[in-house]
1. Given the residues 29, 46, which is the only one that is at pLDDT 80 or above and either surrounded by 13 or more Cβ atoms within 10 Å (Cβ to Cβ) or closer than 30 Å to residue 235 by Cα (or both)?
2. For the range 233-273, give me the residue count where each residue is over 17 Å from residue 95 (Cβ atoms), in a helix (DSSP H, G or I) and among the hydrophobic types (A, V, I, L, M, F, W, C).
3. In the range 87-124, how many are loosely packed, with under 15 Cβ neighbours inside 10 Å and not polar (S, T, N, Q)?
4. Out of 164, 132, which single residue is at pLDDT below 90, buried (at least 19 other Cβ atoms within 10 Å of the Cβ), polar (S, T, N, Q) and out of contact with any Lys or Arg (no Cβ under 8 Å at 6 or more places or on another chain)?
5. State which residue pairs qualify: first residue more than 18 Å from residue 221 (Cβ to Cβ) and inside the range 146-167, second residue in a loop (DSSP other than H, G, I, E, B) in any location, beta carbons under 7 Å apart, and separation of 6 or more residues or different chains.
6. For residues that are small (Gly, Ala, Ser) and in contact (Cβ under 8 Å) with a residue 60 or more places away in the chain, tally how many sit in the range 39-68.
7. From the list 156, 108, pick out the single residue that is on the phi < 0 side of the Ramachandran plot, assigned to a helix (DSSP H, G or I) and of a type in the set (Gly, Ala, Ser).
Amino acid sequence: MTTVEKVDSPVSATESRPVSRRATIARVVILGSIAIAFISPIIFMVVTSFKTRAEAAGIPPTWIPNPFSLQAYESILAPGTGTPVLQWFANSMIAAALNAALVVITASLAAYPLARMHFRGKNVVFAVIVATLLVPPVILVIPNYLIVSELGWLNSLLAVIVPTAASAFGVFFMRQFFISLPVELEEAARLDGANRFIIFTRVVLPLAKPALATLALLAFLGNWNDFLWPVYVLFSPEVQTLPAGLSTLQSANAVRYDLLMAGAVVASVPVLALFVFLQRFIIEGVSRSGVKG
């Protein structure tokens with residue numbers, strides 16, 4: 001008696017197509033819903049900035065301005081309006097740019113010895129630096145305020161530039177990137193007679209441009225978006241930064257939603273421009289700064 005084995009026929013390409021198509025549609029729907037959830041507040045912000053004061057405060061809110069108005073932008077950007085948004089914008093730009101430059105300098109100078117040099121206690125120093133990331137920033141407000149006050153920096157841009165110039169995250173980020181660089185390039189430069197400083201400035205830093213650009217952007221965004229600290233240390237309208245200044249557009253009795261949204265749009269422009277300009281460096285810098293040794 002012979003036995004007959006049943007062999008399952010392979011699934012044809014035409015049978016698998018509906019399953020693949022349904023999976024693709026499901027992914028598109030899910031990702032599209034997430035994208036809409038993230039983009040909708042931004043679209044509403046832009047739309048509201050082109051509404052009149054009455055329409056911006058109307059309930060229920062509308063998605064299409066009727067009529068289309070530039071009143072909010074004229075109120076915050078036109079000279080002599082009593083709302084120095086352009087001055088706040090300039091203050092924020094100066095503070096964020098200088099702070100980002102200081103963060104890049106201090107972080108790279110501190111990270112390179114931790115990545116390449118060998119000295120006693122190196123791992124302990126690095127562990128302490130990383131441990132400071134666990135400290136909530138709000139705990140440092142009072143100590144930083146007392147230090148800034150003793151230095152006479154209250155109500156000046158130095159108060160929002162210097163205190164965050166040393167970044168523990170920046171040191172960690174740059175150290176991980178330096179570790180990922182091939183050490184053979186530095187050894188070849190050392191054989192050619194280059195000292196440690198020349199190697200760092202002419203060999204390592206040019207290779208670290210993606211990481212430096214990423215860190216500079218992160219530091220810029222952190223300072224640019226900071227609200228709590230500038231409110232504590234900047235009092236005069238002429239020295240306030242943009243987030244702190246925009247908060248003065250609302251009072252206990254009324255909130256000018258049209259002005260707030262127009263100011264938020266103005267504040268978003270440099271951030272978007274920097275991201276578009278540095279996008280290639282950011283992707284490369286983050287991808288190469290993985291957690292290593």
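1. Just a single option satisfies the conditions, and that option is 46.
2. 9
3. Count: 11.
4. One residue alone meets the criteria, 164.
5. So the pair list comes out as 148/154; 148/163; 155/234; 155/235; 155/236; 159/153; 159/234.
6. Quick first cut of the range 39-68, residues small (Gly, Ala, Ser) only: 40, 49, 54, 56-58.
Retained after the next criterion (residues that are in contact (Cβ under 8 Å) with a residue 60 or more places away in the chain): 49, 56-57.
Total satisfying the criteria: 3.
7. Selected residue: 108, the only one of 156, 108 that is on the phi < 0 side of the Ramachandran plot, assigned to a helix (DSSP H, G or I) and of a type in the set (Gly, Ala, Ser).
The values are calculated or read from the model by the stated rules, or taken from the named source; none is laboratory data. None of these values were measured; they are calculated from a predicted model. Please note: Cβ atoms are built from the backbone with ideal geometry, for glycine as well, and neighbour counts cover all protein chains shown.
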